[in-house]
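The values are calculated or read from the model by the stated rules, or taken from the named source; none is laboratory data. Keep in mind that this is a model prediction, so the values were computed, not measured. With ideal geometry, Cβ positions are generated from the backbone for all residues, glycine too; neighbour counts draw on all protein chains shown. Surface accessibility is based on the protein's heavy atoms, side chains included, excluding ligands, DNA and RNA. Shrake-Rupley method; radii C 1.70, N 1.55, O 1.52, S 1.80 Å.
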Amino acid sequence: MRVPMAYPDTGLQIGGAWIAAEARDAIPVVNPATGEVIGAVAKATIEDLDRALSAAARGFPAWRAVSAFDRGRILRRAADLLRERAESIARLMTLEQGKPLREARVETLSAADTLDWFAEEGRRAYGRVIPARAEGVVQIVMREPVGPVAAFTPWNFPINQAVRKVAAALCVGCAVILKGPEDTPASCAELVRALLDAGVPGDAIGLLYGDPAAISGHLIPAPEIAKISFTGSTAVGKDLAALAGRHMKRVTMELGGHAPVIVCADADIERAVEILAANKFRNAGQVCVAPTRILVERPVYDVFVDRFAARAAAITVGDGLNEGVQMGPLIHERRRLAVEKLIADAEAAGGRIATGGGRPNNRGFFLAPTILTDVPTTARIQNEEPFGPVATIATFSDLDEAIEEANRLPFGLAAYAYTRSARTASRLSTGIICGMLGINHHGLGLPETPFGGVGDSGYGSEGGPEALEGYLATKFISTTF
Ligand code: NAD
């Protein structure tokens, strides 16, 4: 038996004051496990956007003037608050997003780790001194915060997609206006609440919800905004990057992927199946670095398909609040229909369903873990990011052929490989075009490691010291007396 719990309506946060959902047009929030409306989120007006811009313009010089040491202390306090509140935040996230409670807990706690890491890294935004050519000249490179940031984050990781941008921006002294995900507003708002409670001034962290295109269309050209950071689909990312380009704004784009996996005959197949299944179906496959195109070397293909399909079929699908559930629903009916269309198109093109394909529940937006084989590379699913609990498995007989297939698409976010050969690992490391490569495991996404893509997957990094680069401008000062 699970205890029913209240779900709060979510407001906007501008200049330190919360504007309640009732005070604005409200957008309904749906529990994807039941399809029922559980609450509402406020829809920002144009006046709200202008007030958020003014607040950020005020907040930037004030927050920048706080020392890096003190900014770090405040961010670490916010991390502690997230840890204290993790249980209740995780429940909100599961209610609005659908992921199992265990995954929501891990997400909330890892957001605290991200805040801790950036709290320290902000103290290391070093400049340098360059030896001069003439006596008496001093040449200094300073790193300065770029200015107010407009950050746009999606619903798949309501806290973690936001914290990567917000922590990197705040730790170096930028103010941020966060446009959070309307599908999953309450848990994202809890991140902002923790930052405010820890001492980040209200002017330095705004939170907006509403019509995404109207908000980005207003904020990106605004003179107050110096930097844009977006996580979402490649199609939207290209539009926003084009708009930012017209207004000469700096941009970080974390966009879609279609991660290839190369499983060689010399790999530990049991381990590959275990790790791939866990990562394929985490968050119902709605993960930009999820493994999606699995390529298996001919001699181990049959055994891999059998074991992977059996492992997928054994996954317990259900309401993420229930004990023992391993995979929840998709975020909304639109996403489920989009994935179902890709599966139907693959079947029409000659693909075979090894497991799944159906809807396991009568209500909610559930889709069974699905494995497709024999899908031609011309089928839509071999070209478009599935962003759901479905993967294709194909075979290869030569490593060069596998690398060519891995590199066939314009995406270049994550890629994975399984092999016991150091030589093969080395060939794959240089041969695969991507931003992140996991060999024999999926160790991606830590605060201290780079996170980002190439090609249609975007540019800029959301992890490691590289993440700070996106929020820093370089100033060169040459002095003589
Ligand atoms: P979508 O492209 O409509 O929305 C994705 C996100 O972008 C949402 O948070 C949305 O609010 C935001 N968005 C959309 N249009 C915008 C605009 N004009 N200005 C500012 N923000 C905007 O897609 P969806 O149906 O919600 O999600 C499906 C697709 O989104 C997937 O195929 C996937 O490629 C992509 N996606 C990627 C990630 C990621 O982690 N890279 C996360 C979520 C969604």
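Considering segment 29-66 alone, what residues qualify as being touching a strand residue (DSSP E or B) at 6+ places or on another chain (Cβ under 7 Å), free of Cβ contacts under 8 Å to residues at least 40 places away in the same chain and farther than 30 Å from Leu367 by Cα?
Correct list: Arg51 only.
Working only within segment 23-56, note down all residues that are among the small types (Gly, Ala, Ser) and either open to solvent by less than 50 Å² (accessible area, probe 1.4 Å) or touching a helix residue (DSSP H, G or I) at 6+ places or on another chain (Cβ under 6 Å) (or both).
Once the filter is applied, which keeps residues that are among the small types (Gly, Ala, Ser) and either open to solvent by less than 50 Å² (accessible area, probe 1.4 Å) or touching a helix residue (DSSP H, G or I) at 6+ places or on another chain (Cβ under 6 Å) (or both), segment 23-56 yields Ala33, Gly35, Gly39, Ala40, Ala42, Ala44, Ala52, Ala55, Ala56.
Would you kindly identify the strands (runs of 3 or more DSSP E) lying entirely within segment 285-374 that contain at least 1 residues that are surrounded by fewer than 23 Cβ atoms within 10 Å (Cβ to Cβ) and of a type in the set (Lys, Arg)?
Passing ranges, in order: 352-355.
If I ask for residues that are more than 9 Å from the ligand (Cβ to nearest atom) and not charged (D, E, K, R), which ones from segment 244-256 would you list?
Residues satisfying the conditions are Ala244, Gly245, His247, Met248, Val251, Thr252, Met253.
Could you please find all residues in segment 393-411 being under 17 Å from Cys288 (Cα atoms), in contact with an Asp or Glu (Cβ under 9 Å, 6 or more places away or on another chain) and surrounded by 24 or more Cβ atoms within 10 Å (Cβ to Cβ)?
Phe411
Limited to segment 378-409, what total is found for residues that are of a type in the set (Ser, Thr, Tyr) and more than 15 Å from Arg352 (Cβ to Cβ)?
2
So Glu182 clears everything in (1) more than 20 Å from Asn31 (Cα to Cα); (2) open to solvent by 20 Å² or more (accessible area, probe 1.4 Å) except one condition, right? Which one?
All conditions are met except number (1).
Could you tell me whether segment 188-203 includes any residue that is of a type in the set (A, V, I, L, M), over 23 Å from Ala86 (Cβ atoms) and crowded, with 24+ Cβ neighbours inside 10 Å?
no
Could you list, ordered by first residue, the pairs with Cβ atoms under 6 Å in which the first is in segment 227-242 and within 19 Å of Ile177 (Cβ to Cβ) and the second is small (Gly, Ala, Ser) and near the ligand (Cβ under 7 Å from one of its atoms), at least 6 apart or interchain?
Here the result reads Leu240/Ser216, each pair linking segment 227-242 to a residue that is small (Gly, Ala, Ser) and near the ligand (Cβ under 7 Å from one of its atoms).
Looking at Ala78, Ala132, Ala119, which one is more than 30 Å from Lys280 (Cα to Cα), part of a loop (DSSP other than H, G, I, E, B) and among the hydrophobic types (A, V, I, L, M, F, W, C)?
Among Ala78, Ala132, Ala119, only Ala132 is more than 30 Å from Lys280 (Cα to Cα), part of a loop (DSSP other than H, G, I, E, B) and among the hydrophobic types (A, V, I, L, M, F, W, C).
Out of (1) more than 10 Å from the ligand (Cβ to nearest atom); (2) touching a residue at least 40 places away in the same chain (Cβ under 8 Å), the odd one out for Val166 is which?
Val166 satisfies all of (1) more than 10 Å from the ligand (Cβ to nearest atom); (2) touching a residue at least 40 places away in the same chain (Cβ under 8 Å) except (2).
Could you tell me which of the residues Asp302, Asp345, Asp319 is in contact (Cβ under 8 Å) with a residue 60 or more places away in the chain and acidic (Asp, Glu)?
Of Asp302, Asp345, Asp319, the one residue that is in contact (Cβ under 8 Å) with a residue 60 or more places away in the chain and acidic (Asp, Glu) is Asp319.
Return the residues of segment 212-229 that are open to solvent by 20 Å² or more (accessible area, probe 1.4 Å) and within 11 Å of the ligand (Cβ to nearest atom); say none if nothing qualifies.
Pro212, Ala213, Ala214, Gly217, His218
Within segment 11-22, count every residue that is open to solvent by 60 Å² or more (accessible area, probe 1.4 Å) and within 9 Å of Val41 (Cβ to Cβ).
Counting residues in segment 11-22 that are open to solvent by 60 Å² or more (accessible area, probe 1.4 Å) and within 9 Å of Val41 (Cβ to Cβ) gives 0.
Sort through Ala204, Ala151 and tell me the only one that's within 16 Å of the ligand (Cβ to nearest atom) and either aromatic (Phe, Trp, Tyr) or at pLDDT 95 or above (or both).
Ala151
Suppose we keep only residues that are in a loop (DSSP other than H, G, I, E, B) and open to solvent by 20 Å² or more (accessible area, probe 1.4 Å) within segment 375-385. Which one would you say is nearest to the ligand (Cβ to nearest atom)?
Glu385
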